[in-house]
Amino acid sequence: MEGSEWCQFRFENYGRRMTLLQRLRIVVAAVLLGSGLYVGSCGIGMVAPFGPLLDPAKGIWAVARSAEIPANLETVIPSLDGSVDIVYDGRAVPHIFATTTDDAVRALGYVVARDRLFQLEVQTRATTGRLSEWGGSSALRMDRFQRSIGLALSAEREFAALDVGSRELRLLNAYAGGIQAWMAQMRPRDLPFEYHFLGKKPLQWEPVHSLYLMKRMGYTLAYSSHDRWRARVVELVGQDAADALFPIASPIQEPIQPNGHDRPRFDYAPLPPPGVPRMREVEDVVAGIRGEVCTPADPLSYSINDCEEVPGGETVLGSNNWAVAPARTASGHAILAGDPHLSLTLPSIWYEAHMVVPGEMDVYGVTIPGAPGIVIGFNRDVAWSFTNTGADVLDYFHEVVDDREKPTQYWLDEEWRPLESRVEEFFDQRGKLVAVDTIRYTHRGPLLRAGDGHMSMRWTVLDESGTLALFDAVHAKSATEWLEAMAGYSAPAQNGIVADRAGNIAIRSIGRYPVRADNGDGTEIRSGADSDNDWQGYWSLDAYPQSFNPEQGFLASANQQPVDPRVNGAYLGVNWPSPWRAMQINSLLRTDSQVTPDAMSRYHTDPGNAKADIFVPAFLSAVRGSTDAESHPELAEAALLLAEWDRKYTRENERAVLFEAAMGELSRRTWDELVVRRGSRPIATPGQAILAQLLEFPDNVWWDDQRTVNVVETRDFILAASLEAGLAIVKREFGEPDEGGWRWERIQTANIHHLLGFSALSAFDLPVRGGPGSLNPSSGGGTHGASWRMVVDLGSEIGAWTIYPGGQSGNPASTWYDNRIEAWVDGRLDEVLFPSSKEGLKPSDVIGSITLMPSGGGR
């Protein structure tokens, strides 16, 4: 967005080391310098008029006075049943002690709004397509896309369908009431800095906004256009090749549901040769990919932009979780770890809290601002976490409409059916109407333009989300009860892992999985003219990938294919992420029969990499067998340097950069058949597991570079050429290998952006332990990573350790804005306090408190 361009400063010592006054001075200076020192009564782009912005009493400087947690505050808010005590511990975690569940949820809304009000609104506007009211034309394309896929409408319909007396509506109202109570009490100095910068007032929070959040997470975790770009791959290389390059079954099986094997299984087969392109002009492929698949850039999103990466390839956004049964732990207790990887932002996506209602609830963990409860965490008996399933829960259908430009009907079962329509208006930051769209819907879902035609979209995220299941699960007393509570959860599909104090461990890929017509798969775009092509229902619960107390004594998920196709061949998804992380965590768990919480904590940032264990020997073997090694000193040098690497992505290592450069070259040189025009990118890139499969067949036609004449390349030729080219790239970019420029911590870093892109309020160039394919898979621009780490020891007394990259407060002037980043970078977790009552917190543990009292007075 435009605002990010005004603050592109780099700081060697990022924000957490600055004083409160220094930070505010930097932000003000960034705004002034970035806008060309143009001050006056008119706002510029996203910037508010500078007079009010710099007002010492009510402007940006005032935020410093509300940056810290109050030592002892009492306040009245409406609709409470009784008083609520909120005690903040030394990590700024609010421990909420209430007498009713509604009051606890209302208090959670209050404290989240106090610390994360701007973030709440960012998420709401992103879902509803209203960011252009802040950012003008820079956000308009993104807003139009968000509205076109129907997220807000589906949330509104779901909310409208709630029974007036339902528990879900009561909880949503209570949470919204807490947020509204904080907003009603806010003084000018409590207004988050970003509103001063934008010159805007906060949007009133409504109960339906919590459902907007769930739809937003559904978009982040379950939106896919694979069947659309896959259709283009079929046009380019043929059906057989496309099926092999982007398979339904991963060639490396290390599934979530144990399959009885004590090691990965490699189901390698030769890749069929590419077929003859079927399109009239190859340029149509590029036009189709760019025009139909790419979603607009979304700088305020937790999602990955399809336009930034070639479709297919390796996933950037991944997560890990695992649990170990008592027989394999040193303490004799079940131990669980959770490690969801999402976009890294300041403030963080997560907010840590503890909620206690005697006899009803005692739960600790993290919530997403906007969610009326704890999402990942533990209670006195059970701990749980999630990873993304990555199931295929979205299908497109070719539709016939009565008018290409302004359709009013679509053809279904030999007759015209009316399209539902909704007019969407878009305004800029000055309130000017800048666009009007008509979004149309078939009975399946939104109708989208696709080249010269139209497609409708059927997507589980647009159905009922089943959010109440998340709240019910926090009351579980056992792993079985937790699984029963989560049975009603719908979307986005997640791998839920759970352990309890009785020593049980379990995992289930929860969500709704469609049964397609003729029990087919979701890799093709079906005709929408026949309702027989519609989804026929959903999987039964007993068919879900799952395991309870497996014989191996541990469970793990890392976004790999959930179930071995030899065990259950039903279609669940396609083009699964390469299972490098799954292989690594399973290897660690298989070789340790006395697991401790400390070991579990170390696993989060274990630098080993199963990918390197496969490809490094292949590169070195290719060089040993090459007749060019003696005449190519650079190739020999590259092999010597790579052989020095222990295949671990430690921060100080100086060889991972060479390996990654060689891997990039290997992919580029291998998949030349997927490049339409010389010099362009491939229209899609197969995953690295497919490359590993191809290694087994040295003369396979895919190794031959179709761009060369009178020569047929083989595996070893391509491997050696890739390694040699990788060395040249690394030397060009980072210097000679003995000059210090190859240190991994200087090359692959984590970068945590402020929600509006202010560099002064971001944390850049953070050295991390891990790399692409490792359990801490930092890659690309470093903007995605471990958003929360948690280890829970389920003994007679619960022991828990957690961390996330950021801090509890969204106020850049606060001590608690980014105070956790250093520990997160180092892979350290903080021990948490888990008192059953406020008296369980020692005075030395407490930094402040808030008492919420009902409007009628009294406690």
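The values are calculated or read from the model by the stated rules, or taken from the named source; none is laboratory data. The model shown is predicted, which means the values in this text are computed figures rather than measured ones. Here the Cβ is made from the backbone with ideal geometry for all residues, glycine too, and neighbour counts use every protein chain on show. These accessible areas exclude ligands, DNA and RNA; they are computed on the full protein's heavy atoms, side chains included. Shrake-Rupley method; radii C 1.70, N 1.55, O 1.52, S 1.80 Å.
In the chain, the portion of solvent-accessible area held by carbon and sulfur atoms comes to 49 percent [1.4 Å probe, whole percent, DNA, RNA and ligands not counted]. 3J(HN,Hα) along segment 429-436, derived from phi through the Karplus expression 6.51 cos²θ - 1.76 cosθ + 1.60 where θ = phi - 60°, amounts to 5, 9, x, 7, 5, 10, 6, 9 Hz, with x in place of Gly and Pro. When peptides 259-266, 547-554 are ranked by their average number of other Cβ atoms within 10 Å per residue, the highest-first order is 547-554, 259-266.
In the structure shown, the pairs K201/K432; K477/K842; K200/K432 are assessed against 21 Å; a Cα-Cα span above that value is assigned to K477/K842.
When DSSP beta bridges are restricted to pairs lying wholly in the chain, around 90% turn out antiparallel.
I'd like the accessible area for S540, computed on protein heavy atoms only with a 1.4 Å probe and all protein chains in place. Round to 10 Å², please. Accessible area of S540: about 60 Å². Placing R0 at 35 angstrom, the Cβ-Cβ distance between S527 and V434 gives a FRET efficiency of 0.45 after rounding to 0.05.
Sorting F193, F717 by solvent-accessible area of protein heavy atoms yields F717, F193, largest first, with a 1.4 Å probe. Ordered from largest to smallest accessible area (heavy atoms of protein chains, 1.4 Å probe), the residues H475, H754 come out as H475, H754. Modelled this way, with points 7 Å down the Cα-to-C-beta line, the labels at D81 and S680 are 6.3 nm from one another.
Relative to the longest principal axis of the Cα atoms of the chain, helix 610-624 runs at roughly 30 degrees. The length gained by stretching the chain between L203 and T596 to full extension, at 0.36 nm per residue less their Cα-Cα distance, is 136.8 nm.
Spin-label pair N549-R380: with each label point 7 Å from Cα along the Cα-Cβ axis, the two points sit 2.3 nm from one another. When only alpha carbons are used to place a centre, segment 596-673 and segment 717-769 end up 15 Å from one another. Near V515, the amide H atoms lying under 5 Å from its own belong to Q536, G537, Y538, W539; only residues 5 or more places off or on other chains count, and H is placed 1.01 Å from N. Computed from Cα positions, the angle between helix 101-128 and the longest principal axis of the chain comes to roughly 50 degrees. Taking other residues whose beta carbon is less than 9 angstrom from the beta carbon of G773, and scoring Lys, Arg as +1 and Asp, Glu as -1, yields +1. Across segment 445-452, computed HN-Hα scalar couplings (Karplus, 6.51 cos²θ - 1.76 cosθ + 1.60, θ = phi - 60°) run x, x, 9, 10, 6, 9, x, 8 Hz from first to last residue, x flagging Gly and Pro. Once all protein chains are placed together, L695 keeps about 10 Å² accessible to a 1.4 angstrom probe. Place a label point 7 angstrom from the Cα of A570 along the Cα-to-Cβ direction, then list the residues of segment 515-544 whose backbone nitrogen is under 20 Å away. It comes to 515-524, 533-544, nothing else. Distance between the 7 Å Cα→Cβ label points at R624 and D646: 2.2 nm. Computed about the Cα centre, the dipole magnitude for the chain is approximately 2220 debye when only Lys and Arg (+1) and Asp and Glu (-1) carry charge, each at its Cβ. Here the Karplus curve 6.51 cos²θ - 1.76 cosθ + 1.60, taken at θ = phi - 60°, turns the phi angles of segment 703-710 into couplings of 6, 6, 7, 5, 8, 9, 10, 6 Hz, with x standing for Gly and Pro. The H on the amide N of D267, modeled in the peptide plane, is under 5 Å from the matching H of I252, Q253, each at least 5 residues off or on a different chain. The order of D765, D472 by accessible area, most exposed first and with a 1.4 Å probe, is D765, D472. Net charge within 10 Å of I248 by Cβ-Cβ distance, Lys/Arg positive one each and Asp/Glu negative one each, not counting I248 itself? Local net charge: -3. Between S385 and I497, the built amide H atoms are under 5 Å apart, and every one of these is 5 or more places off in sequence or on another chain. Among [x] 1.01; [y] 0.95; [z] 1.11, which is the computed Cα Rg over 2.2 N^0.38 Å? Matching the structure shown: [y]. Relative contact order of the chain, taken over Cα pairs closer than 8 Å and 6 or more residues apart, is 21 percent.
For segment 395-430, the set of GluC sites (Glu not before Pro) satisfying both a DSSP loop assignment and a count of at most 15 other C-beta atoms within 10 Å is given as E405, E414. Cut-off under 19 Å on the C-alpha distance; same-chain residues fewer than 8 positions from K648 excluded. Which lysines are left, in chain and number order? List returned: K611. Around E654, what is the net charge, scoring Lys/Arg as +1 and Asp/Glu as -1 over all other residues with Cβ under 9 Å from its Cβ? It works out to a net charge of -1. Stretched out straight at 0.36 nm per residue, the stretch from E425 to R278 would grow longer than its current Cα-Cα span by 48.9 nm.
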